[in-house]
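Visitor: What follows is a structure written as structure tokens; I'll ask about it next.
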Amino acid sequence: DGGITQSPKYLFRKEGQNVTLSCEQNLNHDAMYWYRQDPGQGLRLIYYSQIVNDFQKGDIAEGYSVSREKKESFPLTVTSAQKNPTAFYLCASSTTGGQSNQPQHFGDGTRLSIL
Amino acid sequence: GQQVMQIPQYQHVQEGEDFTTYCNSSTTLSNIQWYKQRPGGHPVFLIQLVKSGEVKKQKRLTFQFGEAKKNSSLHITATQTTDVGTYFCAGQGGGADGLTFGKGTHLIIQP
């Protein structure tokens with residue numbers, strides 16, 4: 001059954017701690033994305049990757065880092081530099097090619113809270 | 001940068017009434033996508049509009065892309081409780097631009 005798996009579902013971070021959110025997909029998609037969702041704010045793009053070993057900053061990349069060593073995986077690290085990390089984090093993937101963005105498939109998300 | 005505004009933020013309707021959400025971009029879009037997010041869930045792709053003036057229907061849902069490709073709307077006829085959720089539009093500018101999401105419209109249905 002193809003899809004995107006995010007883990008954990010819930011995560012708590014202590015002050016000064018880095019945490020890593022996992023995102024794995026078996027859809028054979030080239031592109032992967034990380035969004036942050038806050039109440040009333042919609043989805044804001046953190047980082048995206050169109051191909052393995054390459055990624056670009058989105059609108060709110062400060063305090064976050066990513067890697068794309070494998071096509072299937074796009075982990076997001078929330079660093080201690082991110083002063084307001086409490087949010088719902090969504091990972092998505094899509095195919096690439098053509099003039100238009102392809103539909104994005106989302107994981108179930110990770111809710112991150114500060115202890 | 002590109003901005004996508006969506007209104008209203010919240011919409012309360014009685015079951016059976018119609019519902020419309022509107023999306024406006026500060027720049028011309030090459031295409032627009034619509035997503036639905038159920039409470040506690042993740043966004044699910046509904047449709048993509050590409051052509052100027054395009055209208056697409058999915059059962060009770062009608063999607064429209066403006067002639068100038070700067071606005072779009074989603075209309076639901078005779079809402080049902082299963083329509084509850086947040087509806088997002090997401091627009092793409094030109095070239096290699098990614099998607100910019102609107103803040104969404106929360107649809108609340110009173111039985």
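The values are calculated or read from the model by the stated rules, or taken from the named source; none is laboratory data. Computed from a predicted model, the values in this text were never measured in an experiment. Reconstructed Cβ throughout: ideal geometry from the backbone, glycine too, with neighbour counts over all protein chains shown. Protein only, heavy atoms only, side chains kept; ligands, DNA and RNA dropped before computing areas. Shrake-Rupley method; radii C 1.70, N 1.55, O 1.52, S 1.80 Å.
Visitor: At a cut-off of 40 Å², which residues of the stretch A:35-50 become less accessible once all protein chains are present than in their chain alone, using a 1.4 Å probe?
Guide: Flagged in the stretch A:35-50: A:GLY40, A:LEU43.
Visitor: Next question. Rounded to a whole number of µm²/s, how large is the Stokes-Einstein D of chain A at 4 °C and 1.567 mPa s, given Rh as the Kirkwood radius over C-alpha pairs?
Guide: My calculation gives 91 µm²/s for D.
Visitor: Still on this structure, I have one more. How much accessible area per residue does chain A have, counting only protein heavy atoms and a probe of 1.4 Å, in square angstrom?
Guide: Spelled out: the 1.4 Å probe surface of chain A, per residue, equals 50 Å².
Visitor: Another question, then. Would you please name the trypsin sites (Lys or Arg not before Pro) within the stretch A:42-115 that are DSSP coil residues with at most 13 other C-beta atoms within 10 Å of their C-beta?
Guide: Qualifying residues, ordered by number: A:LYS83.
Visitor: Scan chain B and hand back the longest stretch that contains none of the trypsin sites (Lys or Arg not before Pro) lying in DSSP loops with at most 12 other Cβ atoms within 10 Å.
Guide: After excluding every exposed loop site, the longest remaining stretch is B:60-111.
Visitor: May I pose another question? Under 18 Å from a point placed 7 Å out from the Cα of A:SER73 along the Cα-to-Cβ direction: which residues of the stretch A:1-22 have their backbone N that close?
Guide: Only A:3-9, A:19-22 fall inside the zone, counting backbone N under 18 Å.
Visitor: Another question, if that's okay. Roll a 1.4 Å probe over the protein heavy atoms and report the accessible area of A:PHE55 in Å², nearest 10.
Guide: 90 Å²
Visitor: While we're on this one: How big is the protein assembly as shown by the Kirkwood estimate over distinct Cα pairs, in Å?
Guide: Mean inverse Cα-Cα distance, inverted, gives 18.1 Å.
Visitor: Once every Cα of chain B carries one equal point scatterer and solvent is ignored, give the base-10 log of I(q)/I(0) from the Debye formula at q = 0.23 Å⁻¹, two decimals.
Guide: Each listed q maps to, in turn, -1.27.
Visitor: Same structure, new question: Expressed as a whole percentage, what fraction of the accessible surface of chain B belongs to carbon and sulfur atoms when a 1.4 Å probe is rolled over the protein heavy atoms?
Guide: For chain B, the apolar C and S fraction of the accessible surface comes to 52 percent.
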